[in-house]
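Engineer: Quick one: structure below, then a few questions.
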Amino acid sequence: MYQSLKNQPVIFVIFGGTGDLNSRKLAPALYNLFLDNWLPDKFSIIGTGRTPLTDEQFSEKILEGINKFSRTGKVKDDKWAEFSKHLHYQSANAKDVESYKAFGTRIDAHNAEWGTPANVIYYLAVSPDFFPIIAENISKSKLAEDPEKTRIVIEKPFGHDLESSRSLNKLLAGIFNECQIYRIDHYLGKETVQNIMAFRFANAILEPIWNRNFIEHVQISVTEQLGVEERGDYYDGSGAMRDMIQNHILQLLCLVAMEAPNSFSADEVRNRKLDVLNAMRPFTPEDVRMSTVRGQYGSGWMEGKEVPGYRKEPKVNPDSNTETFAAIKFFVDNWRWKGIPFYVRTGKRMHQTSSVISIQFKDVPHLIFPSEVSESWQQNRLVISIQPEMSIRLQVQAKRPGLEMVLNTVDMVFDYKGTFEKQAPEAYETLLLDTMIGDQTLFMRGDQVEVAWELLMPILKAWEGRQSLNFPNYSADSWGPELAEALIARDGFHWFTLPLTGKK
Ligand code: BG6
């Protein structure tokens, strides 16, 4: 599959070419794919934006981004000289259909020069308000006539709610086939997230215990030390539910809860994830009250530096009701998971940056050891650390060396750094390569996105309809609001401390 790629020319048209996402993620990812020899011999990257720039000025901007954000560090002069030959810039007003003629001209010129039609990938690295108009203008300008050769990549958020996601899906379906639409959830491209499927379905020993008979509960915790930074205008209309839970966290939950697909094909995998979303228990108003917690950060100190509360952040409404933290208890009502709670939490300005999935197993049926030898007793726990630590730990009890019988919890660890020498690629490298190959396994299908929105709508509506009177309700550098502790403590559990600290 990868080999045939080398002979298939590709053109990336990046809307939002002068934007942050391109500088930080897309350009470094494309450069690293180039370094590792994954890009076809004939390729072109056409950045587009409103600002008039020459190709050279655009290249300068891209170079700055790569030097700052690439995992491989600063560019090597000879490699950069080669790569930058493929960079072009076309200034355009994305709302004006006339602007699109220039893309057609450039694409035709490349095709004529290469003597074979390129795959054209339109990457929408722009604010979501632009998604519909760009898709429509691509269609009106006849730039997506060949379904075999054109693809569109849509960044998140995909819709603002169920209704808007449905209408965006409908609009796209009128222009593209589903197999041309790549809805990004960058968590799916992370090495450790991809490994969840490998871990679950390439190891026979897990399946017999991966169910309600052996597992007591599951925790998914994605916490960040960062605040909203410069993204106040976007985030204030979004919040933690839309920004993290609707996409990244529900996808993690699906990977833990899904049945084994029959094969590793994109649709098989996505069908099994959809089954999970369809099996998730809908929220009644009582569930929203009892099983969800929202929070917003106040000011505080992070690593010796005073940081403002959310309402004082740039471009945020000073009376904002937007949640920067959310904790939810979900249930997956099927044979495998009935009755097993999945607790998820996410928040900004938290004590630690860490994404961890913890699978807590049930206790031994009968304790044969006297309580004094097992003071630190802990049920078996599997801790899948997504980032910044990349590891899987199975926590078990062991006898501490010595003349007496004393039990300790110890970790059996698979640690990426200690096991593999090769540096893991960035999520965007994997995802961009997949758009070129035409593999949609790691992308969201339209129906998944809609079912995820459907599940969360009762919570979002309840929260929007009822102003939170106690915001801000957690201070920066904490573990979130106290109510989040109560949510899980009511069931007799607590949020697990995360392994190792990570800084961002
Ligand atoms: C993005 C969110 O999708 O994911 C951000 O919009 C969040 O608010 C980011 O900070 C987290 O991604 P990562 O890869 O840094 O964990």
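The values are calculated or read from the model by the stated rules, or taken from the named source; none is laboratory data. All of these numbers come straight from a predicted model, not from anything done at the bench. Here the Cβ is made from the backbone with ideal geometry for all residues, glycine too, and neighbour counts use every protein chain on show. Just so you know, the surface numbers come from the protein's heavy atoms only, side chains and all, with ligands and any DNA or RNA stripped out. Shrake-Rupley method; radii C 1.70, N 1.55, O 1.52, S 1.80 Å.
Engineer: Confirm whether Pro318 is at negative phi, surrounded by fewer than 17 Cβ atoms within 10 Å (Cβ to Cβ), in contact with a helix residue (DSSP H, G or I) (Cβ under 6 Å, 6 or more places away or on another chain) and touching a residue at least 40 places away in the same chain (Cβ under 8 Å). First the steps, then the outcome.
Structural biologist: Working: at negative phi: yes; surrounded by fewer than 17 Cβ atoms within 10 Å (Cβ to Cβ): yes; in contact with a helix residue (DSSP H, G or I) (Cβ under 6 Å, 6 or more places away or on another chain): yes; touching a residue at least 40 places away in the same chain (Cβ under 8 Å): no.
Judged against the criteria, Pro318 is not a match.
Engineer: Then there is this: Return the pair list, or none, for Cβ contacts closer than 8 Å from residues in the range 392-411 that are open to solvent by 40 Å² or more (accessible area, probe 1.4 Å) to residues that are in a loop (DSSP other than H, G, I, E, B) and among the hydroxyl-bearing types (Ser, Thr, Tyr), at least 6 apart or on different chains.
Structural biologist: From the range 392-411, the pairs are Gln397/Ser374; Asn408/Ser376; Thr409/Ser376.
Engineer: Show the residue pairs meeting these rules: Cβ distance below 7 Å; 6+ apart or different chains; first residue within the range 241-257 and more than 12 Å from Val451 (Cβ to Cβ); second residue within 11 Å of the ligand (Cβ to nearest atom) and polar (S, T, N, Q).
Structural biologist: Short answer, once both residue conditions are applied: Met244/Thr346; Ile245/Thr346; Ile249/Thr346.
Engineer: Kindly establish whether Ala266 is more than 20 Å from the chain's Cα centre (by Cα), away from the ligand (no atom under 13 Å from the Cβ) and either of a type outside the set (A, V, I, L, M, F, W, C) or surrounded by fewer than 22 Cβ atoms within 10 Å (Cβ to Cβ) (or both). Walk me through it before giving the result.
Structural biologist: On the way: more than 20 Å from the chain's Cα centre (by Cα): no; away from the ligand (no atom under 13 Å from the Cβ): yes; either of a type outside the set (A, V, I, L, M, F, W, C) or surrounded by fewer than 22 Cβ atoms within 10 Å (Cβ to Cβ) (or both): yes.
Criteria not met by Ala266.
Engineer: Here's something else I'd like to know. Please work out which one of (1) free of Cβ contacts under 8 Å to residues at least 60 places away in the same chain; (2) within 16 Å of the ligand (Cβ to nearest atom) is the condition Glu429 fails and give its number.
Structural biologist: (1)
Engineer: Could you run through the range 229-242 and say how many residues are within 8 Å of the ligand (Cβ to nearest atom) and buried (at least 23 other Cβ atoms within 10 Å of the Cβ)?
Structural biologist: 1
Engineer: Within the range 468-475, is there a residue that is touching a Phe, Trp or Tyr at 6+ places or on another chain (Cβ under 7 Å), open to solvent by less than 40 Å² (accessible area, probe 1.4 Å) and under 18 Å from Ser320 (Cβ atoms)?
Structural biologist: So far as the range 468-475 goes, yes, one or more of its residues are touching a Phe, Trp or Tyr at 6+ places or on another chain (Cβ under 7 Å), open to solvent by less than 40 Å² (accessible area, probe 1.4 Å) and under 18 Å from Ser320 (Cβ atoms).
Engineer: Looking only at the range 343-375, which residues are open to solvent by 60 Å² or more (accessible area, probe 1.4 Å) and either within 30 Å of Asn473 (Cβ to Cβ) or in contact with a helix residue (DSSP H, G or I) (Cβ under 8 Å, 6 or more places away or on another chain) (or both)?
Structural biologist: Across the range 343-375, the qualifying residue is only His351.
Engineer: Still on this structure: Between a first residue in the range 217-233 that is within 19 Å of Ser478 (Cβ to Cβ) and a second residue that is within 11 Å of the ligand (Cβ to nearest atom) and among the polar types (S, T, N, Q), which pairs have beta carbons less than 6 Å apart while being 6 or more apart in sequence or on different chains?
Structural biologist: Val222/Thr346; Val222/Ser355; Thr223/Ser354; Glu224/Thr353; Gln225/Thr353
Engineer: Sort out which residues of the range 294-315 are open to solvent by 10 Å² or more (accessible area, probe 1.4 Å), in contact with a helix residue (DSSP H, G or I) (Cβ under 8 Å, 6 or more places away or on another chain) and farther than 12 Å from Gly227 by Cα, and write them in order of number.
Structural biologist: Scanning the range 294-315 gives Arg294, Lys315.
Engineer: With the requirement that a residue be within 13 Å of the ligand (Cβ to nearest atom), open to solvent by less than 40 Å² (accessible area, probe 1.4 Å) and within 16 Å of Val449 (Cβ to Cβ), what does the range 175-217 give you?
Structural biologist: Selection gives Arg183, Ile184, Asp185, Tyr187, Leu188.
Engineer: State whether one or more residues within the range 151-161 are open to solvent by less than 70 Å² (accessible area, probe 1.4 Å), closer than 22 Å to Tyr428 by Cβ and more than 16 Å from the ligand (Cβ to nearest atom).
Structural biologist: Within the range 151-161, one or more residues are open to solvent by less than 70 Å² (accessible area, probe 1.4 Å), closer than 22 Å to Tyr428 by Cβ and more than 16 Å from the ligand (Cβ to nearest atom).
Engineer: Then there's this: For Thr497, state whether it is closer than 28 Å to Tyr297 by Cβ, at pLDDT below 95 and β-branched (Val, Ile, Thr).
Structural biologist: Working: closer than 28 Å to Tyr297 by Cβ: yes; at pLDDT below 95: yes; β-branched (Val, Ile, Thr): yes.
In short, yes.
Engineer: What's the number of the only condition in (1) within 19 Å of Ala118 (Cα to Cα); (2) not in a helix (DSSP H, G or I); (3) not acidic (Asp, Glu) that Leu53 fails to meet?
Structural biologist: Only one criterion in (1) within 19 Å of Ala118 (Cα to Cα); (2) not in a helix (DSSP H, G or I); (3) not acidic (Asp, Glu) is unmet by Leu53, namely (1).
Engineer: Given (1) open to solvent by less than 30 Å² (accessible area, probe 1.4 Å); (2) in contact with a Phe, Trp or Tyr (Cβ under 7 Å, 6 or more places away or on another chain); (3) under 22 Å from Asn22 (Cβ atoms), identify the lone condition not met by His86.
Structural biologist: Answer for His86: the failing condition is (1).
Engineer: Does Gln379 meet the test of being part of a loop (DSSP other than H, G, I, E, B), over 21 Å from Arg200 (Cα atoms) and open to solvent by less than 60 Å² (accessible area, probe 1.4 Å)? Lay out the reasoning, then the answer.
Structural biologist: On the way: part of a loop (DSSP other than H, G, I, E, B): yes; over 21 Å from Arg200 (Cα atoms): no; open to solvent by less than 60 Å² (accessible area, probe 1.4 Å): yes.
In short, no.
Engineer: Open to solvent by less than 40 Å² (accessible area, probe 1.4 Å), of a type in the set (Ser, Thr, Tyr) and part of a loop (DSSP other than H, G, I, E, B): which single residue out of Thr441, Thr435 fits that description?
Structural biologist: On the way: Thr435 fails: part of a loop (DSSP other than H, G, I, E, B).
Answer to the check: Thr441.
Engineer: Go over the candidates Ile249, Ile245, Ile220 one by one and state the one that is more than 10 Å from the ligand (Cβ to nearest atom), open to solvent by less than 20 Å² (accessible area, probe 1.4 Å) and closer than 22 Å to Glu313 by Cβ. Can you show your working first?
Structural biologist: Numbers: Ile249 fails: closer than 22 Å to Glu313 by Cβ; Ile220 fails: closer than 22 Å to Glu313 by Cβ.
Being more than 10 Å from the ligand (Cβ to nearest atom), open to solvent by less than 20 Å² (accessible area, probe 1.4 Å) and closer than 22 Å to Glu313 by Cβ holds for just one of Ile249, Ile245, Ile220, which is Ile245.
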